[in-house]
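Asks: One structure coming up, written as C-alpha cells, with questions to follow.
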Amino acid sequence: MNGLFEVLQIPAMIAILLFSVIIHEVSHGVVAERLGDPTARMQGRITLNPIPHIDLVGSIILPAAAVIFSLPLIGWAKPVPIDIRRFRDPMRDFAITALAGPVSNLAQVMVYSVIFHLAMWLNWQFLAVIGYWGIYINLLLALFNLLPIPPLDGSRLIAAALPQDMGWQFLSIGRYGFMILMFLIFTGALRPLWSLVELLHSAIVY
C-alpha cells in the first residue's frame, strides 16, 4: 500500500470522518427517540444526508487544521437536538443517549476491521485504505468523545454518576468546553490519548 495509499489517504480520511460523525450523531437521535424524545426525528436529523449535520468548525475548520498542522484527524457533526424533559429519567437517559455515540464508533471499528483484512487478503488497495483509516478514525472518535469534558459524551456519564444537582452543575461547564478542548489539542495535552489510539490501531491492523 505505497503509492496509491499516499494519494488516497487524505480524501479517504476526510470522507470517513464525515460519515463516522454523522453515524455518531444519528445514533444519539435514534436512542433518544427510543427513550421518549423524538426531537431529532422531528427536526430531520435522523438521516445520513450530510447537509443537516455539517458543523462549520467541527466538520470543516478543525479537520482542515488537523491536515495542515499534522494533528490527529478529529472533528464532529452538529449535535442532534435532545429535549431531556421528554425522558422518564432525564439524567440516566441523557447518559444512555450519550453513550450511543461512542458505541456506534466502536461498531464501525469492527466493520472497518473486516473490510481492511479482507481487502489486504484480496490485495484491493483502495478498500484497504478505507478500512485502515476507518479503524483509526473511529477509535479516535470513540475515545475522544469519552473524555469527561462537557459537552463530550463522557461528561454525561460522569454527570449521571454524581448527585443530580452536582451533575447539572458539572454539565454547565459545557459553555467553556470548546475552549478547553482547543487548548488541550493544540498544547499537546492529549498526546497520551493519541498514543493509546495508535496502539489499539496497530493491534488491529498488524
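Throughout, read-outs are computed from the coordinates displayed, never taken from laboratory work. Given the structure is predicted, the values throughout are model-derived calculations rather than measurements. Reconstructed Cβ throughout: ideal geometry from the backbone, glycine too, with neighbour counts over all protein chains shown.
Asks: Karplus couplings for the range 50-61 from phi (6.51 cos²θ - 1.76 cosθ + 1.60, θ = phi - 60°), rounded to Hz, Gly and Pro as x?
Replies: Per-residue couplings from phi come out as x, 4, x, 9, 5, 10, 3, 6, x, 9, 10, 5 Hz.
Asks: While we're here: Which chymotrypsin sites (Phe, Trp or Tyr not before Pro) from the range 27-87 combine a DSSP loop assignment with at most 11 other Cβ atoms within 10 Å?
Replies: Phe69
Asks: Sticking with this one: Give the long-range amide H neighbours of Ile54: residues separated by 5 or more places, or on another chain, with amide H under 5 Å away, using H modelled in the peptide plane at 1.01 Å from N.
Replies: Amide H neighbours of Ile54: Lys78.
Asks: Next up: Could you give each residue of the range 192-199 its phi-based ³J(HN,Hα) in whole Hz, using Karplus coefficients 6.51, -1.76, 1.60 with θ = phi - 60°, and x for Gly or Pro?
Replies: Karplus-based 3J(HN,Hα) across the range 192-199 equals x, 5, 4, 5, 5, 4, 5, 5 Hz.
Asks: I'd like the distance separating the alpha-carbon centroids of the range 76-90 and the range 156-206, in whole Å.
Replies: Computed from Cα coordinates, the inter-centre distance equals 19 Å.
Asks: For the chain, max minus min Cα coordinate along each principal axis, in Å, sorted largest first?
Replies: Extents along the principal axes, in whole Å: 55, 36, 30.
Asks: Still on this structure: Counting other Cβ atoms within 10 Å of each Cβ, which trypsin sites (Lys or Arg not before Pro) in the range 5-103 have at most 13 and sit in a DSSP loop?
Replies: Qualifying residues, ordered by number: Arg88.
Asks: What's the magnitude of the charge dipole for the chain around its Cα centre, counting Lys and Arg as +1 and Asp and Glu as -1 at the beta-carbon? Answer in Debye, nearest 20.
Replies: 280
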